[in-house]
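Q: What follows is a single structure, and I will ask about it in a moment.
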Amino acid sequence: MKLHLKRPLAFFDLEATGINIGADRIVEISVIKLHPDGSEEVKTWRINPEMPIPIESSLIHGIYDEHIKDEPTFKAVAPLVAEFMDNSDLAGYNSNKFDIPMLMEEFLRAGVLFDLDNRHFVDVQNIFHQMEQRTLKAAYQFYCKKDIINAHSAEADTRATMEVLLAQIERYETQEWEDKKGNKSVPVVNHVEGLHKFTNLNRPVDFAGRMAFNDNNEEVFNFGKHKGKKVEDVFNLEPSYYSWMMNGDFPLYTKRKLEQIYKRWNDKRQADRQQKAAQAKPAENIEKKDTVTPNIQKDLFQQPVQQKTYNKPYENKPFKKKEEPAAPVNEDMLKLLADKFKKGL
């Protein structure tokens, strides 16, 4: 059955030193790049993890230290892997919880940019577990009626995963499924967007599952004492929680997504502060005017007040005699003056 694709779909599988995404390293990666025209490209890299492979891991995938001691490091092959998987959606078995976050850790350590924001992710295990709930070996037997030859080699598991997805689409093309809320749908469809939605029901933010999107498309913590709380609300209540996570033993991709949310939250907080400061400026000017007015009034009261004079009939003023014209000088007046000066002599 041909898969309807708008762009390439890269099926990939990793073998690693262990399952600790933050501490373990890739020892093998195989990618089958399925093109819209049905053609495919296959590339496999063996990788020196620069650390011993635990015997319990070697017993599972069959890769021992002597097999990879002369192989290149992931940093050396990272640009080739990124280029081969570029412009492709991603698919795998348990890839959302292990392969994608593990791959992103290696890319980040190598300093190679590999953007996940505009890609779709199809986790074949999620389809299987939600429809049948079994393992890859059982899934391959159940859907394809085959046994995996060289199980746990990267290419064999990758090819089995691809064949299982094609068989799942054919089998469940018209089968109805009911979610936990009682909503019914036909989720296994022959296009990547629909498969992406169905295999990412938990809506993780960081693939490791430390954060997830809620029904309002807001990031919430998915672990610890703040489980279920919005990430931005936790930053408001306990800003140090961000530093604790950034300095803690969390996957690099989890820290990267947390840093993006923190930057968005901090930018919003700074914008709010600037807006409040801008709104407070007119109030400050009013306060300055209010403080100046009393001083002016005080100065005015200290200056002498010029009272207007009103012609009131009963006003208490000193009485002035009406002035009369002076009498003309005569001989009697001259005689009186002469007598006065004589006495003074």
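Coordinate-derived values only; no laboratory data. Note that this is a predicted model, so its numbers are computed, not measured. Counting neighbours? That spans all protein chains shown, and the Cβs are built from the backbone with ideal geometry, glycine included.
Q: Using +1 at the C-beta of Lys and Arg and -1 at the C-beta of Asp and Glu, which of Pro239, Ala277, Gly224 has the Cα lying farthest in the positive direction of the dipole of the stretch 203-283?
A: Of the listed residues, the answer is Ala277.
Q: Still on this structure, I have one more. Given a Förster distance of 25 angstrom, what is the FRET efficiency for Asn202 paired with Glu50, based on the Cβ-Cβ distance and rounded to 0.05?
A: 0.15
Q: So, one more: If you place +1 on the Cβ of every Lys and Arg and -1 on the Cβ of every Asp and Glu, how big does the dipole about the Cα centre of the stretch 203-283 come out, in debye to the nearest 20?
A: Its charge dipole is roughly 200 debye.
Q: Give the order of Phe207, Phe198 when sorted by the count of other beta carbons within 10 angstrom, beginning with the fewest.
A: Least crowded to most crowded, the residues run Phe198, Phe207.
Q: What does DSSP give for the stretch 9-201 in terms of the percent of beta bridges that are antiparallel, rounded to the nearest 5?
A: 70 percent
Q: Separate question: Taking the Cα centroid of the stretch 214-253 and of the stretch 1-72, what is the distance between the two, rounded to the nearest whole Å?
A: Centre-to-centre (Cα) distance: 31 Å.
Q: I've got another one for you. Under a Cβ-Cβ cut-off of 14 Å, what is the net charge of the residues other than Asn150 that fall near it, where Lys and Arg count +1 and Asp and Glu count -1?
A: Here the charged neighbours net out to -3.
Q: Over 18 Å between Cα atoms: which of Lys230/Lys255; Lys227/Lys268; Lys33/Lys197; Lys230/Lys257 fall into that group? Please report the intermediate quantities before stating the final value.
A: On the way: Lys230/Lys255 16 Å; Lys227/Lys268 23 Å; Lys33/Lys197 21 Å; Lys230/Lys257 14 Å.
Going by Cα-Cα distance, Lys227/Lys268; Lys33/Lys197 fall outside the 18 Å limit.
Q: Where does each of Thr17, Thr44 land when they are ranked from fewest to most other beta-carbon atoms within 10 angstrom?
A: Lowest count first: Thr44, Thr17.
Q: For Lys137 and Glu155 in one chain, what is 0.36 nm times their gap in residues minus the Cα-Cα distance, to one decimal in nm?
A: Result for the pair: 5.1 nm of gain on full extension.
Q: Compare the peptides 244-250, 85-91 by average per-residue count of other Cβ atoms within 10 angstrom and give them in order, highest first.
A: My ranking of the peptides, most packed first, is 85-91, 244-250.
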